[in-house]
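These notes concern the structure reproduced below.
What follows draws every value from the coordinates through simple rules; no lab data is involved. What you see is a predicted model; the values in this text were computed from it and never measured. Because the Cβ atoms are built from the backbone with ideal geometry, glycine has one as well, and the counts that use them run over all protein chains shown.
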Amino acid sequence: MTVTEILKSATARLVDGNIDSPRLDAEVLLAHVLNCRRLDLYVDAQKILPLEKILRFNDLISRRLEKIPVAYLTGTREFMGLNFSVTPDVLIPRPDTEILTEFVGEFLRTRGNSTFADIGTGSGAICVSIAKFIKTARAVAVDVSPKALAVAELNARKFYVDDRIEFFCGDLFSPLEGKIFDAIVSNPPYIPTGDLPTLQAEVQSEPTLALDGGLDGLNFYRRLAEASPKFLATGGLLAVEIGINQASTVKEIFTRAAFADVEILRDLSGLERVVAATI
Ligand code: SAM
Ligand code: GLN
């Protein structure tokens, strides 16, 4: 079988299985098995594939049909131009989170030697990217899941920023008593508990701990707003990602917690994505 033929048959299987982006997923998985770039699949379209590669690819397609996300099958996902390692113990980093990451990175750049805390670090996507791009920044990263922290630490080593990030396991700020930061960044769980069963099957295969924001989805914003001031330097920044229709309530929560200049930022598709405020 050639590359072209196997991609065609795998795409047809994924279409039948109601997978959202069948051709793209088939290409990403085949490139993973062949250890090449997606572009190379076009260059080598007529190449005959060894049986062992065909079997491995078909097995991945079968698992994709069980709605396992592509990133869990390949073990990687690109974020901020970096190829992050991911496992089913972490949320798969979303392009939506790049705006929060860039915003906090720019804020830290203006403050020179600076420190920040990434609360609910998951794969480490946010703190590792900021540390990679802002060489003057140092971070602490917290997660309640030890397995997620192991992935974050792996990513910090992978991108050579492990000397500037300290990792702590615990509930929100509990491991950070007495520390002061220039910025606190978080993409907390924000899905209302009752909505979890309605999520796409792929999202449901991500850790519930990474998604469940409590009854109204806003638990973590209330806790972050209340606890943050004592961990922030004067003029320090609290910036969080938010879900659909949460902007105005989160803005209100921050304002009530005595934050000033509460700003709402939109993502590239025009959706309200980030609430940021200084103290
Ligand atoms: N920062 C990553 C990103 O943006 O891709 C992961 C964000 S994920 C939505 C939220 C993370 O918060 C998960 O890794 C979860 O384990 C962690 N988390 C949940 N409850 C927590 C708590 N009480 N304290 C600290 N981390 C928590
Ligand atoms: N953005 C995730 C989703 O697609 C939710 C992540 C979170 O709760 N922070 O549903």
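Label the range 128-279 by shape, choosing from rounded, prolate and oblate, from the square roots a ≥ b ≥ c of the eigenvalues of the Cα gyration tensor; if a/c is under 1.5 it is rounded, and otherwise prolate applies when a/b is larger than b/c, oblate when it is not. Present the calculation step by step, with values, prior to reporting the outcome.
On the way: a/c = 1.55, a/b = 1.10, b/c = 1.41.
Oblate is the answer for the range 128-279, as a/c is 1.5 or above yet b/c matches or exceeds a/b.
In debye, nearest 20, what is the charge dipole magnitude of the chain about its Cα centre with +1 on Lys and Arg Cβ and -1 on Asp and Glu Cβ, if you could check?
Using only the charged Cβ atoms, the result is roughly 540 debye.
Taking a cut-off of 12 Å between Cα atoms, list the aspartates and glutamates near K230, but don't count ones fewer than 8 places away on the same chain.
Counting by Cα, and skipping residues close in sequence, K230 has these aspartates and glutamates nearby: E177, D182.
Going down the list K147/K251; K135/K179; K179/K251; K67/K147, which pairs span over 28 Å between their C-alpha atoms?
K147/K251
Considering only the chain, what is the antiparallel percent among its DSSP beta bridges, to the nearest 5?
Taking every DSSP beta bridge within the chain, about 40 percent pair in antiparallel fashion.
Please identify, among I48, I134, I191, the residue showing maximal mean-square fluctuation in a Gaussian network model of the chain using a 10 angstrom Cα cutoff.
Of I48, I134, I191, the Gaussian network model singles out I48 as fluctuating most.
Could you run the Karplus curve 6.51 cos²θ - 1.76 cosθ + 1.60 with θ = phi - 60° over the range 59-72 and give me ³J(HN,Hα) per residue in whole Hz, x for Gly and Pro?
Here the 3J(HN,Hα) series is 5, 5, 4, 4, 5, 5, 5, 7, 6, 6, x, 3, 4, 6 Hz.
What is the magnitude of the charge dipole of the range 12-139 about its Cα centre, with +1 placed on the Cβ of each Lys and Arg, -1 on the Cβ of each Asp and Glu, and no other charges, expressed in debye to the nearest 20?
That gives the range 12-139 a dipole magnitude of about 300 debye.
Could you work out the relative contact order of the chain, using alpha carbon pairs under 8 angstrom and six or more residues apart, expressed as a whole percent?
That works out to 14 percent.
Can you give the Rg and Dmax of the chain based on its C-alpha atoms, in angstrom?
20.5, 65
For the Cα atoms of the chain, what angle does the longest principal axis make with the long axis of helix 22-34, in degrees from 0 to 90, nearest 10?
For 22-34 against the chain, the angle is about 80 degrees.
Roughly what % antiparallel, to the nearest 5, for the DSSP beta bridges in the range 77-146?
Expressed as a percentage, antiparallel bridges in the range 77-146 total about 35.
Can you work out ³J(HN,Hα) from phi for every residue in the range 107-123, in order, using Karplus 6.51 cos²θ - 1.76 cosθ + 1.60 and θ = phi - 60°, giving whole Hz and x for Gly and Pro?
Calculated HN-Hα couplings, in order: 4, 5, 4, 5, 9, x, 4, 9, 10, 8, 10, 10, 9, x, 6, x, 6 Hz.
Output the 0 to 90 degree angle, nearest 10, between the alpha-carbon long axis of helix 3-16 and the longest principal axis computed from the alpha carbons of the chain.
Taking Cα atoms only, the helix is inclined about 60 degrees.
Go ahead and set up a Gaussian network model of the chain, Cα springs under 10 Å, then flag whichever of T249, T198, T121 fluctuates most.
With Cα springs under 10 Å in the chain, the top fluctuation among T249, T198, T121 is at T198.
Work out the length of the dipole vector of the range 200-279 about its Cα centre, built from +1 on the beta-carbon of each Lys and Arg and -1 on the beta-carbon of each Asp and Glu, and round it to the nearest 20 debye.
320
Taking H placed 1.01 Å from N in the peptide plane, check which residues at least 5 places from F84 or on another chain put their amide H under 5 Å from its amide H.
Here the answer is R77, E78, F79, since their amide H atoms fall under 5 Å of that of F84.
Order of 234-243, 250-259 by packing, highest average Cβ count within 10 Å first?
234-243, 250-259
For the charge dipole of the range 162-247, defined by +1 on Lys and Arg C-beta atoms and -1 on Asp and Glu C-beta atoms about the Cα centroid, which residue among T198, L232, L211 has the Cα displaced farthest towards the positive pole?
Final value for the positive-end residue is L232.
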